[in-house]
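Read through the structure below, which is laid out as structure tokens, and then see the notes.
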2 protein chains.
Amino acid sequence: MKASKSFRLHIGIFGRRNAGKSSILNALTSQEVSIVSEIAGTTTDPVEKPMELLPLGPVLFIDTAGIDDRGDLGEKRIQKTMQVFDRTELGLIISKTDEWGDFEETILKELKDRAIPVIVVFNKSDLVQAGNCLQRSFSGENIPVVETSATNGTGILDLRQAILNHAPDDFINRPGIVADLVGPGEAAILVVPIDKEAPKGRLILPQVQTIRDLLDNDSFCMVVKERELREAFNRLNKPPKLVVTDSQAFLKVAADTPPEIPLTSFSILFARYQGDLPEMVKGAMAIDKLKTGDKILIAEACSHHPIGEDIGTVKIPRWLTQYVGGKLEFVHHRGHDFPENLSEFKLVIHCGACMWNRREMLSRMMKARMAGVPLTNYGLTIAYSLGIFERALQPFPAALGVYQTTK
Amino acid sequence: MKASKSFRLHIGIFGRRNAGKSSILNALTSQEVSIVSEIAGTTTDPVEKPMELLPLGPVLFIDTAGIDDRGDLGEKRIQKTMQVFDRTELGLIISKTDEWGDFEETILKELKDRAIPVIVVFNKSDLVQAGNCLQRSFSGENIPVVETSATNGTGILDLRQAILNHAPDDFINRPGIVADLVGPGEAAILVVPIDKEAPKGRLILPQVQTIRDLLDNDSFCMVVKERELREAFNRLNKPPKLVVTDSQAFLKVAADTPPEIPLTSFSILFARYQGDLPEMVKGAMAIDKLKTGDKILIAEACSHHPIGEDIGTVKIPRWLTQYVGGKLEFVHHRGHDFPENLSEFKLVIHCGACMWNRREMLSRMMKARMAGVPLTNYGLTIAYSLGIFERALQPFPAALGVYQTTK
């Protein structure tokens, strides 16, 4: 899926000619696959570099190579700089601690005046000890400061995290839940089993959010238990665009849903909404590579959540042990507690994180990716275990492609 | 609607022959309309008295007139007493403070052993000062103690409140939300408008509870905005059993719903579920009797609830003022704060109280009734103001009857 330019988060990179803008950019993106193209500009024009910056997805770096502190800022240059400010959604000011001065303050003021979030990056921390020469504190202004060395990679993960933390909410929360799969004036069927684990008198949050997302987008839905699903189909004189089921009813719902009607689960919708579905598909497929003695991290967003707890502590461990045919080591983490060092794990299996914002889930996905550890969620693990992965991914061509090319 | 015996809360009344059981019973029920019948027993048999005890509704008092402290409790009497304990759901032990003794303790132990809630009633407080002679404290056992005088009425309202407070939850929560109007295997359409007042990404609680109630009872539903309602009807090849709308979309939904399909609102469902619908219908109709200068209490269960606040502080006052054609005095109360003295008000208009249990709403209805002040809720007020009261009450014969005979 190619993202249009307007869809990308625009990250403006500002700094003096020798501050290391290009090396920071290279370090940020060296682990990335899809450097799409480079739009050449004149020497004084800012250079736009569309890239995939995980875990954010498509971004557009605007490298203001031609705007620096040499000479006065003539009319033309000022105009070009202003244009960059106008389209920047997140600004990086790259400097050295002993060089921060009027130029950087001017950039900072321009960004702040526009309420654009700013990250101050002190580069080359291997050469110059940060704080030694700096006469200025940023803490009172609530501006994040990251120290990096593009040459040895120090602080690049911190910078990536800072970008994730300070990117505007509407970019982080960009993917919808379900409505793009249904369309205005069209209907979905939502299958909501009611068992002893369902909270008394309520629906669980992902179900409510899914209904709301459909209404927000001029779609509507039939809400039904798995037992009445056939009757619900009988009542409709035009098939629904999509059937969404709770993972636990997947097999019965798959049997009762005509094969030409797309079918998926709330968990899969939320893997996309809260995280990165293709990445989590790869994560689920890593189950095939598990072997006796492997260590698996099971992470739960909520500290107290009996439903997820049961899936995480009992059902998934039992199933994985059976699948691998040998003893596995399970480590459980709950709430915001998440291990710093993931490299000892062969797989991270996360709950749907329905109570979180997307930023926190993407942050965990990034940490797992940097450590080279696959990550998936409960629902995808269940779908994989039930052998209906391919059908459940049908509505998501990118994720399905990952599955079909990897399997 | 006649309640079957098993539906009634069974209240066992225990006490010595001279403790005043009958006078308490009379005082409790003297303001009630429908004393249905009296089932005569032998002199030693308990007497069952089915009654309407507002705000609880149908109860069965079991007056153990024949079981007292005279002589030993012979085999036959013990057996009959045990049978009363076995069907009692709430026990009242009526005594005088200077007479509490082994007999009362035995009754108390039998009830406690069965985990039956107990209220201790010290009667005739005009003659004997409670506490003066009593050597026993009930506070450590968490047993409510009420002092009454059946002759002058002192404490009868407290007793009524204590019965409401200590009746078992499943009796208090007995009415369903909606499923009895739809039926298993049948569908309802729920119309959920999405406007700026809808909470971001969610549905409001009564909507979620209504969906859940349908699923719990093997019904299902279509959830749709008012704009897509016609399309939703087009999709169904069999009409729904019921359409439920948010009050604010009432007129459009009424226009788009074929007249033969029953239509009501979430507010009206919740007037029944959380309170007493016929009583609240009477309350709404009291709007016609309002005149310039009248004082109206607007009560909101939640302390912070911008949606309800707007309806309660702006919309309803404006509409009532227009309707009456003169200035009215509005008094607002929020949260659990509710005036003790309601007699100065001509009408109480309450929010739907969706976040409360039914007990608290019934308790307020009782206070209003005792003060002779009509009470209704926001949704009924809106329905009345829109002139669609009769259609919206169609699914509820008892409430409709109240409207048709009163108007």
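The values are calculated or read from the model by the stated rules, or taken from the named source; none is laboratory data. Keep in mind that what you see is a predicted model, and the values were worked out from it rather than measured. Positions of Cβ are generated from backbone atoms using ideal geometry, with glycine treated the same way; all protein chains shown enter the neighbour counts. Areas reflect the complete protein model, heavy atoms only, side chains present, ligands, DNA and RNA absent. Shrake-Rupley method; radii C 1.70, N 1.55, O 1.52, S 1.80 Å.
Return a yes/no flag: does the stretch B:306-316 have any residue that is over 23 Å from residue B:194 (Cα atoms) and either among the aromatic types (Phe, Trp, Tyr) or surrounded by fewer than 19 Cβ atoms within 10 Å (Cβ to Cβ) (or both). No - not one qualifying residue is present in the stretch B:306-316. Of the strands (runs of 3 or more DSSP E) lying entirely inside the stretch B:1-116, those carrying at least 2 residues that are modelled with pLDDT under 80 and within 20 Å of the chain's Cα centre (by Cα) are B:47-53, B:57-63.
With respect to residue A:276, is the statement that it is within 14 Å of chain B (Cβ to nearest Cβ), open to solvent by 10 Å² or more (accessible area, probe 1.4 Å) and touching a residue at least 24 places away in the same chain (Cβ under 8 Å) true?
No: the conditions fail for residue A:276.
Among the acidic types (Asp, Glu), surrounded by fewer than 20 Cβ atoms within 10 Å (Cβ to Cβ) and within 14 Å of chain B (Cβ to nearest Cβ): does that describe residue A:226? Even if it seems obvious, please write down each step before you answer.
On the way: among the acidic types (Asp, Glu): yes; surrounded by fewer than 20 Cβ atoms within 10 Å (Cβ to Cβ): no; within 14 Å of chain B (Cβ to nearest Cβ): yes.
It is false that residue A:226 is among the acidic types (Asp, Glu), surrounded by fewer than 20 Cβ atoms within 10 Å (Cβ to Cβ) and within 14 Å of chain B (Cβ to nearest Cβ).
Considered as a group, the residues in the stretch A:332-359 that are among the charged types (D, E, K, R) and free of Cβ contacts under 8 Å to residues at least 40 places away in the same chain include one that is most open to solvent (accessible area, probe 1.4 Å), and that residue is A:340. Filtered by the rule that a residue be more than 19 Å from residue B:373 (Cα to Cα) and open to solvent by less than 40 Å² (accessible area, probe 1.4 Å), the stretch B:259-273 gives B:261, B:263, B:264, B:265, B:266, B:267, B:268, B:269, B:270.
For residue A:245, the criteria (1) more than 7 Å from chain B (Cβ to nearest Cβ); (2) open to solvent by 10 Å² or more (accessible area, probe 1.4 Å); (3) of a type outside the set (Phe, Trp, Tyr) hold in every case but one, which is (2). Being under 22 Å from residue A:215 (Cα atoms) and within 14 Å of another protein chain (Cβ to nearest Cβ) holds for only one residue in B:270, B:250, B:233, and it is B:233.
Only one of B:212, B:235, B:227 is free of Cβ contacts under 8 Å to residues at least 24 places away in the same chain and in contact with a Phe, Trp or Tyr (Cβ under 9 Å, 6 or more places away or on another chain). Can you tell me which?
Values: B:212 fails: in contact with a Phe, Trp or Tyr (Cβ under 9 Å, 6 or more places away or on another chain); B:227 fails: in contact with a Phe, Trp or Tyr (Cβ under 9 Å, 6 or more places away or on another chain).
The conditions single out B:235.
Could you please let me know if residue A:182 is more than 9 Å from every other protein chain (Cβ to nearest Cβ), open to solvent by less than 60 Å² (accessible area, probe 1.4 Å), at pLDDT 95 or above and closer than 25 Å to residue B:176 by Cα? It is false that residue A:182 is more than 9 Å from every other protein chain (Cβ to nearest Cβ), open to solvent by less than 60 Å² (accessible area, probe 1.4 Å), at pLDDT 95 or above and closer than 25 Å to residue B:176 by Cα. Only residues that are open to solvent by less than 20 Å² (accessible area, probe 1.4 Å) and at the interface with chain A (Cβ under 7 Å from one of its Cβ atoms) were counted in the stretch B:206-223, giving 8.
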